[in-house]
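**Student:** Once you've had a glance at the structure underneath, I'll fire off some questions.
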Amino acid sequence: MLKNAQSPEDVLAASKRGQPVMMFVSIANPSGEAVTKQFSEKVSQFWQSSLFNNHIDVQVYPVEDSRILFMFKEGSQAFEARNFIIKQKECIEITLEGKSMIGAGGRKEEL
């Protein structure tokens, strides 16, 4: 499996196979309204079901209204899930394995 690794990230994903991995996601409401518990639950449930439809098993836990913990039993799946979530307009930032990345919702340009 490591022979097929094309990047350092592939090696990291392969090294997490069979291990639990946590990923933290900070979210915002694209409409500009405050993030509520209900909004956070709606977004996290939608993402969880979308990932499940792609055969990625993940447990979701709210940490704060605007922060969600994703727990993967199969750690290598966290990297594929990150690639999906980071493109969502509600995602501001993802922290996975100590590395933070800005999501689609965090790339707003100031005037």
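**Student:** Counting C-alpha atoms alone, how compact is the stretch 2-104: give Rg to one decimal and Dmax as a whole number, in angstrom.
**Tutor:** Over the stretch 2-104's Cα set, Rg and Dmax evaluate to 13.7, 47 Å.
**Student:** Okay, moving on. Starting from 0.36 nm per residue, how many nanometres of slack lie between V63 and T36 once their C-alpha separation is accounted for?
**Tutor:** Stretched out fully, the V63 to T36 stretch lengthens by 8.5 nm.
**Student:** Give me the one-decimal nm value for the distance between modelled label points at K73 and F52, 7 Å along each residue's Cα-to-Cβ direction.
**Tutor:** 1.3 nm
A short reminder: the numbers here are calculations on the coordinates, not readings from a lab. All values reported here derive from a predicted model rather than from experimental measurement. Heads up, the Cβs are rebuilt from the backbone with ideal geometry, glycines too, and the neighbour counts pull from every protein chain shown.
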